[in-house]
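Peer 1: Provided herewith is a single structure, encoded as structure tokens, for subsequent inquiry.
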Amino acid sequence: MLIPVLIVITAVVAGWSLVAGRLERRHVRAPLVLVLAGVVTGLFTHSEIAAALNSEVAQRVAEIILAVLLFVDATELRGGRLFGRDPRSAARVLLVALPLSLGATVLLGGLLLPELPFAVLLLIACVIIPTDFAPAEILVRDRRIPARVRSVLNVESGYNDGIVSPIFLFALVLAGSTTEKRTPLEALGTTVPFAVKALVVGALVGALLAWLMNLAQRAHWMTDQSRRIMVLIVPLLAYTSTTAVHGNGFVASFVAGVAFRYVRRAPERHGGAAPVGSDFQLIEDTNAMMTMVMWFFFGNAVVLTFSLGLDWSVLVLCVAALTVLRIVPVLLSLLGSRFSGRERLMVGALGPRGTTSIVFGLLAFNALPDGPGANTALDAMVLVVLGSILLHGGGSMAIARVLRGKAQDRKDTGADSEPAMDATDKGAHGTAAAFGGVGAGPGLPVAPEA
């Protein structure tokens with residue numbers, strides 16, 4: 001199955017690359033092309049889809065993609081602060097709205113899907129809540145959306161997967177391997193050491209390699225190519241080193257990105273030369289290619305989900321996650337902020353789902369024992385991403401126009417306005433640029449069997 005899949009993926013990507021400019025002028029982007037290829041392939045290989053998605057190869061690909069994605073997200077913020085140019089508002093959305101959304105999703109899931117245990121419901125919440133701009137990258141560029149709204153959305157999409165990944169690991173350990181479940185205390189006792197190791201190793205790897213790059217660049221020992229290769233090596237080394245000592249490789253990759261960015265920019269803060277933007281070109285292109293693979297597998301998952309039939313309860317949960325379970329926590333978190341009512345509603349309404357949900361969904365499908373839990377996690381991933389493509393991809397600008405209003409137009413052209421890309425220039429740096437937009441593996445360590 002592996003060779004035919006690779007043939008299809010590489011052939012489709014090659015075809016898309018030849019006509020990418022022409023297609024993108026017609027708003028046909030890579031995710032759509034790869035999803036369609038995955039759907040068509042799935043229709044002809046229906047009996048083998050589940051085996052392909054629930055395989056070690058798919059798991060490893062998903063893990064590496066998530067590790068690189070987390071690193072790239074952590075290095076993108078350019079405002080000079082941890083939470084961008086409006087740190088208080090971004091912190092409210094990340095540290096208040098995000099936990100509220102996760103908790104509300106678990107509670108609603110318990111009502112709609114009472115047969116599923118808490119751990120599986122928490123896994124599903126981690127799949128369907130994090131935002132990602134791959135389906136609607138135009139949002140981060142459009143000046144008609146207030147600059148501070150774009151800034152908060154950019155910071156949120158860059159950091160929420162890094163915040164959710166340890167919660168995802170905790171839920172996975174709590175759910176247990178294919179043979180054993182664990183108590184919450186046992187799961188916490190397993191995940192805390194993983195997180196501590198990840199924080200230490202990730203910070204050391206990211207800071208050390210950035211410091212060495214600064215030294216080598218001042219001595220003129222590096223070439224343009226070697227700098228690009230070094231940037232790509234950082235998340236891979238952080239991920240593999242951490243998993244080698246039984247830590248959470250995902251958290252380590254994210255922390256390595258934060259540390260790498262801070263140390264790499266140290267010369268700039270002291271009046272030296274800024275890091276060269278092209279240093280990230282290789283990791284951007286690599287991440288783009290790997291993410292295309294995820295969209296292909298997503299097309300496969302669409303076929304599998306619809307062929308097996310949909311549970312209306314899962315559909316209701318996903319619709320709620322895209323709307324009320326997102327909007328209400330954001331509105332509550334931004335009460336008392338300098339955001340107007342329209343701007344708060346805009347932040348809540350414009351929360352697309354994409355690559356992060358796909359990766360978490362495939363990892364959950366692989367890690368959970370075969371049965372209702374794994375199938376529901378996959379169904380939720382498919383439905384929330386499809387819903388987001390429809391709501392945020394096709395209708396995002398219509399939502400923005402309705403919420404913006406004439407008064408907001410005047411405000412956005414005043415002193416508060418910023419360049420089209422402010423805190424996180426995903427249009428030129430990150431996953432969205434490419435798209436104009438299982439047992440636990442190395443990145444998902446589980447405690448040994450008792």
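The values are calculated or read from the model by the stated rules, or taken from the named source; none is laboratory data. Because the structure is a prediction, the values reported are computed rather than measured. Every residue, glycine among them, receives a Cβ derived from its backbone with ideal geometry; neighbour counts consider all protein chains shown. Only protein heavy atoms, including side chains, enter the accessible area calculation; ligands, DNA and RNA are left aside. Shrake-Rupley method; radii C 1.70, N 1.55, O 1.52, S 1.80 Å.
Peer 1: Within the stretch 309-354, considering only helices (runs of 4 or more DSSP H) that don't extend past its boundaries, which have at least 2 residues that are at pLDDT 95 or above?
Peer 2: Hits in the stretch 309-354: 312-322, 324-333.
Peer 1: Continuing with the same structure: All but one of (1) farther than 24 Å from Phe168 by Cα; (2) modelled with pLDDT of 90 or more hold for Leu391; which doesn't?
Peer 2: Single failed check for Leu391: (2).
Peer 1: Looking at the stretch 304-324, which of the residues that are within 14 Å of Leu100 (Cα to Cα) and open to solvent by 20 Å² or more (accessible area, probe 1.4 Å) is nearest to the chain's Cα centre (by Cα)?
Peer 2: Thr323
Peer 1: Quick one: is Ser278 in a helix (DSSP H, G or I), open to solvent by 10 Å² or more (accessible area, probe 1.4 Å) and of a type in the set (Ser, Thr, Tyr)?
Peer 2: It is true that Ser278 is in a helix (DSSP H, G or I), open to solvent by 10 Å² or more (accessible area, probe 1.4 Å) and of a type in the set (Ser, Thr, Tyr).
Peer 1: Pick out, from the stretch 10-81, the helices (runs of 4 or more DSSP H) lying fully within it that include 3 or more residues that are among the aliphatic types (A, V, I, L, M) and either modelled with pLDDT of 80 or more or open to solvent by 10 Å² or more (accessible area, probe 1.4 Å) (or both).
Peer 2: By residue number, 30-44, 49-53, 56-76.
Peer 1: Still on this model: Inside the stretch 325-343, can you point out the residues that are touching a helix residue (DSSP H, G or I) at 6+ places or on another chain (Cβ under 8 Å) and open to solvent by less than 50 Å² (accessible area, probe 1.4 Å)?
Peer 2: The answer is Leu325, Arg326, Ile327, Pro329, Val330, Ser333, Leu334, Ser337, Phe339, Ser340, Glu343.
Peer 1: Condition test on Glu284, is it of a type in the set (Asp, Glu), out of contact with any Lys or Arg (no Cβ under 8 Å at 6 or more places or on another chain) and modelled with pLDDT under 85?
Peer 2: No; evaluated as a whole, the condition is false for this residue.
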